[in-house]
Amino acid sequence: MKKKWFGLGCLTSFIIVILVIFLLFNSLSKLGKQKVEVAAGSTLHLRLQGQIMEYNELAETAFAKNVSGGHEIVSKIRTAATDDKINSILLEPSYIAAGYATCNEIIAALDYFQKNGKKVYAYLENAIDTDYYLAAAADHIYMNPSASAGLVLTGFSSNINYYKNLLDKIGVEMKVIHAGQYKGTYENYNRNSMSAALRENLTELISNRYQVTLQNIAENRQIAVTKLNELYENRDYLFINQQQAIDSGLVDQLYSLPELYDHLNITEKRLIDYRQYQNSKQKQSSDQQIAVVYLNGNIMPAAGSFGINSLSLAKLDEILDEVENNSKVKAVVLRINSPGGSALEANLMLNRIKELQKKMPVVVSMANVAASGGYEISASADFIVADKSSITGSIGVVGMIPNFSGLSQKLEINPEVIKKGKFAGFYNPLMEFDPDFIKSMEKSMNDVYIEFKQIVAEGRNIPFTEMESRAQGRVYTAAKALELNLVDEIGNLQTAVEKSADLAGIKSYSTVNYPRKKSMTELVFNNIFDKKLVASIGQSKLEKELSRSIEFYEAIKAEPIQNLMLWKIETPVPHK
């Protein structure tokens, strides 16, 4: 009897806790939707910090208000451009982490704002490359006069740690199989240093990104590229101080923030935080719509339709089912931001996209990266638009299988196996690799590689005999991909939307975005028993990195054949 009452008490307590959490999340959701009144002559305040994702799938609440999505920022800038009560923007970027294609979308929105006869002002304190890249689009750039403020313009790098020596010491071998000479993914697990092919490919990409970025800044600031290059390459100190910034034309004037408010005649009442800004006019609905579908993250099986910033067939199915059930949608733009992942899952997603194409035009807009599996799901589109900063290609396949036999010997573990059948118990991580198993893996890898090339050849109307020169796992800039007919045009998301409307034969339309944003409450309560999702809330950066490492191992253990590009081109984030 006591056990019965104890069990009932536990159940009751659990229900009460769930209800309390639900009420808490519900209250926070309402707090995040507070509306502010916009007075005439207001300034939209874009105070951007931290990570800016391409598309934030989580609905904005007070609980998650510091998570910015590039789409929301762009949308609010474009809304403000036609809002009579907003006459300027104050842009304050500080240590933002964003892809350059995402930045280009924000810059395009700022340009639209300026073309509506309105001013954009930028204010910098401590600014890194991405901060200044955005700020350069402003009409005027102001900088804090304090000696503790400064600019850190460094350029680009790709830092890859090689682990073979360490793994040898602990008795772990990573068997890496590549299909494609330039497919450098995972090579840092079975090599002591970078391969010549990967070094060549990365050097080309970084050089291109560097020159394109400097050219954009030079044009926006009307500075000679040679002068800007000299500043990047030959200055004596990491931090560019105020006088250097003024002398080089990077900055227009020095003001503290209160002084700037006085200079621009900005008052607290007329300074509107972009997160709280809502359009005072009702948007015009349309009987014809273009669906913009944001596909962000690594491609992995069983990520589930609820996975944030990950991609799977289950998630794509859910999104495209919603799109197809919307009778107003006449065309689809897939905004792809993915380095790839599971080869099988990418293939299944591609087939689902082909089914959609039987019903309406599909145009791809490449964001920061659409490479490997991310390129595969793009390949059959009716038209492909790449941002000028996109990284794409990587048509190749890689597989990695961990072997802990050396470690098992060090730990004096003696595995014994009894089997019947050639490939029974084909993979035991504590035993040496079976040569027949490795040969079989190599054959499977080559078959997947051939299939990948066939998909691209068919989708892009390229003779298969010419595909090997475009493939081999080589990664391309947007300009090079255009030259090789891997994309159709260089442009932004709006370019892709306009092209999709043209293919659908429609003139008047509105856009609708997918996936539908989900509240924290919905995510938690729809997946209350998904311990990974719940545990990820509030994790530190180190904890998240460890979680990703574990997920990475589980992914390759379950499916060692991957269409994936892991390395990144990035700028460092120093602190003064």
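Each value in this text was obtained by applying a stated rule to the coordinates, not by laboratory testing. Please read these numbers as outputs of a predicted model, since none were measured by experiment. Cβ atoms come from the backbone with ideal geometry, glycine included; neighbour counts cover every protein chain shown.
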### Query
If you look at just the Cα atoms of the range 132-181, how large are its Rg and its Dmax in Å?
22.2, 59
### Message
Using +1 at the C-beta of Lys and Arg and -1 at the C-beta of Asp and Glu, which of Asn414, Tyr427, Val398 has the Cα lying farthest in the positive direction of the dipole of the range 359-492?
### Response
Asn414
#### Entry: Sequence of Val497, Val475, Val369, Val225 once ranked by neighbouring C-beta atoms within 10 Å, starting from the fewest
Val225, Val497, Val369, Val475
#### Entry: Peptides ranked, highest mean first, by Cβ atoms within 10 Å: ranges 170-181, 389-400, 411-422
389-400, 170-181, 411-422
### Query
Once both labels are modelled 7 Å past Cα along the beta-carbon direction, what's the Met431-His140 spacing in nm?
7.5 nm
## Note on the structure
Footprinting proxy, Asp447, Asp252, Asp387: sorted fewest to most Cβ within 10 Å, the residues are Asp447, Asp252, Asp387
### Query
Is the shape of the range 175-321 rounded, prolate or oblate, going by the alpha carbon gyration tensor and its root eigenvalues a ≥ b ≥ c, with a/c under 1.5 for rounded and a/b larger than b/c for prolate?
oblate
### Query
Once a ≥ b ≥ c are taken as the square roots of the eigenvalues of the Cα gyration tensor of the range 295-390, is the result rounded (a/c under 1.5), prolate (a/b larger than b/c) or oblate (a/b not larger than b/c)?
oblate
### Message
Compute, for the range 193-248, the length of the dipole vector about the Cα centre, with Cβ point charges of +1 (Lys, Arg) and -1 (Asp, Glu) only. Units Debye, rounded to 20.
### Response
100 debye
#### Entry: Approximate spin-label separation Gln409-Ala147, in nm, with each point projected 7 Å along Cα-to-Cβ
6.2 nm
### Query
What ratio of Cα Rg to 2.2 N^0.38 Å holds for the range 325-478?
1.36
### Taking only Cα atoms of the range 211-293, radius of gyration then Dmax in Å
20.4, 60
### Task
For a quick protection proxy, order the peptides 294-300, 194-200, 124-130 by their average other-Cβ count within 10 Å, most packed first.
294-300, 124-130, 194-200
### Message
Strictly over 25 Å apart at the Cα level, which of Lys183/Lys358; Lys183/Lys227; Lys183/Lys359; Lys328/Lys453; Lys315/Lys518; Lys76/Lys119 would you flag in this model?
### Response
Lys183/Lys358; Lys183/Lys227; Lys183/Lys359; Lys328/Lys453
### Task
Mind giving me the nanometre distance, one decimal, between the label points for Arg235 and Asp317, set 7 Å out from Cα along Cα→Cβ?
5.3 nm
### Task
Determine the shape class of the range 57-159: with a ≥ b ≥ c the square roots of the Cα gyration tensor eigenvalues, call it rounded for a/c under 1.5, and otherwise prolate if a/b is greater than b/c, oblate otherwise.
oblate
### Task
Compute the length gained on full extension between Ile506 and Ile170: take 0.36 nm times their separation in residues and subtract their Cα-Cα distance, giving the result in nm to one decimal.
114.7 nm
#### Entry: Positive dipole terminus of the range 324-384, leading residue within Leu348, Ala370, Val329 (C-beta point charges)
Val329
### Query
Can you work out the FRET efficiency for the pair Lys518 and Tyr162, with r the C-beta to C-beta distance and R0 = 51 Å, to the nearest 0.05?
0.80
### Query
To the nearest 0.05, how large is the calculated FRET efficiency for Ile462 and Gln357 if R₀ is 22 Å and r is the Cβ-Cβ distance?
0.75
